[in-house]
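For reference, the structure is listed below as structure tokens.
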Amino acid sequence: MGHLNLPASKRNPRQWKLLDIITAIFFGLVLLFFLLVFTPLGDSMAASGRQALLLSTSDPRQRHRLVSLVELGHHHKPIEACPANSVDHMPCEDPRRNSQLSREMNLYRERHCPLPDEMPLCLIPPPPGYKIPVQWPESLHKIWHSNMPHNKIADRKGHQGWMKEQGPHFIFPGGGTMFPDGAAPYIEKLGQYIPLTGGTLRTALDMGCGVASFGGSLLSEGILALSFAPRDSHKAQIQFALERGIPAFVLMLGTRRLPFPAFAFDFIHCSRCLIPFTAYNATYFIEVDRLLRPGGYLVISGPPVQWPKQDKEWADLQAVARALCYELIAVDGNTVIWKKPDGDSCLPNQNEFGLESCDESNDPSNAWYFKLRRCVTSTSSVNGEHPVGIIPKWPDRLTRAPSRALVVKNGIDLFRADTRRWTRRVAYYKNTLNLKLGSPAVRNVMDMNAFFGGFAAALVSDPVWVMNVVPARKPLTLGVIYDRGLIGVYHDWCEPFSTYPRTYDFIHVAGIESLIKLPGSSKSR
């Protein structure tokens, strides 16, 4: 049956109106398609949409979809930059977030990571005017002001020699609150009482380090100091230390063990770090004792050592040291120096703090999210020869297989094989891959899966320092790294690392599959 063609005058006016609307919508959609595909407007709108998606946490499903696309390699658009005010963003060290937590034992200043859904998926931008950092060793004394335009330390501590603004640079005269004339004379004074030269001491921990001038000055003595201070909402002390090329780490002594193994450090130093060592039944002093190698040295400079109106605190500090059988080496002005006994302390002698030895179920090298314990680590709880003076001097200890390597099966043989392997591989990195290791372009290095520290040991002649990271779910081999005279921390790579943006010049990882897979399982973490 044929179609019936009506004259124009007979057609339904309402039908014409509907057809016009449908036609207009169709052509409008076609025009919009061409605008989005073939003009800059489309790119701009897409970028805005991606930015909103990356920063939004209101719809976790959208965020999870983007994460999946990125992980599968199907998200081909570049991930956008975070807002300009996030140039110093640290996801687990947010003072605004942490300020809502308890002040008890400094809980609020410890590391607290947000849930994965609350972490922004965007790239941290550099500050305006950012420059390639000043190279080592010149960076020890000056850095670009534009890379870290934070003036409060210079304004408040300039008279103490911490740092000063000079033209386009911040300069570092080497001073500190307890040594405003520079770290060198202060270190020279300490050298009258403890063996700072000759390789007897190698690993040091500088607590509450400021801009780490003390640790930077020790490098010339062959002592590798890991300096730490908490994240500061306005001073960025550790950020300055890292920009200078000094080993440093954001950390707070609060409710948990510090992320280091037992008997890691030959020398522990506190210069006006204001840690209440005797509070909470001397819990913080006990943690320092866990970290200090038998025969090692503890130096506290500043309050409460012979400080006005702090007589009780000073008396308590001496009482704890006596209870642990620490030998008093010297009290020089506001500086006290103790030596830890080579063997177990004189516990269980009665003492006013009720100190007791830890039981055998307590692994003193387990230190990832491990609550502080009010018990003293015995030397017999860690296999091996640890005392300062018995452990080989630096640099011999670098290549000597320590007994702590037996934490894994056939550990001594594995240690030797690992050392040979990384000597070959680092030579290949430099000579064949032409990586800039050993050049002035690389100073701060991280090894994300360090095992025995073979990669760092192979770089010992280069002007670098290496943060050796031992994943917390793997065998606790970090003690071996410290026995070698190297430094590092425990960490779990399912969380962000506690450091400022732009910390490392070179990041290395071997065996990345072992970081992703659950131990003993084919499933991904």
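The values are calculated or read from the model by the stated rules, or taken from the named source; none is laboratory data. Because the structure is a prediction, the values reported are computed rather than measured. Don't worry about glycine lacking a Cβ; one is built from the backbone with ideal geometry, like all the others, and counts go over all protein chains shown. Surface accessibility is based on the protein's heavy atoms, side chains included, excluding ligands, DNA and RNA. Shrake-Rupley method; radii C 1.70, N 1.55, O 1.52, S 1.80 Å.
Using a Förster distance of 25 angstrom, determine the FRET efficiency expected from the C-beta separation of Asp396 and Ala330, and round it to 0.05. So the FRET efficiency works out to roughly 0.30. Per-residue SASA remark: Trp136, around 60 Å² accessible (1.4 Å probe; ligands, DNA and RNA not included). As a calculated quantity, the FRET efficiency between Cys346 and His141 at R0 = 45 Å, using C-beta atoms, amounts to about 0.50. Hey, what angle do you get for helix 311-323 against the long axis of the chain, alpha-carbon based, 0 to 90 degrees rounded to 10? Relative to the chain, helix 311-323 is tipped by roughly 80 degrees. Listed by chain and number, the lysines whose alpha-carbon sits under 21 Å from that of Lys393, ignoring those within fewer than 8 places in the same chain, are Lys339, Lys340. Accessible surface computed residue by residue for the chain, with neighbouring protein chains in place and a 1.4 Å probe, gives 50 Å² per residue. Remark on the chain: Cys209, Cys494 stand apart, with no other cysteine beta carbon under 4.7 Å.
Modelled spin-label separation between Asp363 and Asp181, with each label point placed 7 Å from Cα along the Cα-to-Cβ direction: 4.9 nm. Checked against a 24 Å cut-off, the cross-linked pairs Lys131/Lys164; Lys474/Lys523; Lys131/Lys235; Lys131/Lys152; Lys152/Lys371; Lys131/Lys436 give Cα-Cα distances beyond that limit for Lys152/Lys371. The accessible surface of the chain, taken with every protein chain in place and a 1.4 Å probe, is 55 percent carbon and sulfur. If the chain linking Thr423 and Ile25 were pulled fully straight, counting 0.36 nm for each residue of separation and taking away their Cα-Cα distance, it would gain 136.4 nm. The modelled label-to-label distance between His64 and Lys436, using points 7 Å beyond Cα along the C-beta direction, is 4.1 nm. If you plug the beta carbon distance of Tyr193 and Asp311 into 1/(1 + (r/R0)^6) with R0 = 25 Å, you get a FRET efficiency near 0.60.
One decimal place: the segment Ser521-Ile507 gains 2.4 nm when fully extended, by the rule 0.36 nm per residue minus the C-alpha distance. In order along the stretch 76-86, phi translates into HN-Hα couplings of 8, 7, x, 6, 6, 7, 6, x, 4, 7, 9 Hz, rounded to whole numbers, per the Karplus curve 6.51 cos²θ - 1.76 cosθ + 1.60 with θ = phi - 60° and x for Gly and Pro.
The helix-only estimate of mean residue ellipticity at 222 nm for the chain, built from DSSP H runs of length n ≥ 4 each weighted as -39500 (n - 2.57), is -8500 deg cm²/dmol after division by the residue total.
Roughly what percent of Cα-Cα pairs across the chain reach past 43 Å? Taking all Cα-Cα pairs of the chain, the fraction more than 43 Å apart is 26 percent. As I understand it, the value is the acute angle between the Cα axis of helix 60-72 and the longest principal axis of the Cα atoms of the chain; what does it come to in degrees, rounded to 10? That helix lies at roughly 80 degrees to the long axis.
The trypsin sites (Lys or Arg not before Pro) of the stretch 297-326 that meet both conditions, a loop assignment by DSSP and at most 16 other Cβ atoms within 10 Å of the site Cβ, are Lys309.
Put simply, the amide H of Gly296, placed in the peptide plane, has neighbours under 5 Å in Lys340, Val388, leaving out anything fewer than 5 places away on its chain. Extending 7 Å from the Cα toward the beta-carbon at both Asn85 and Gln166 defines two label points whose distance is 3.5 nm.
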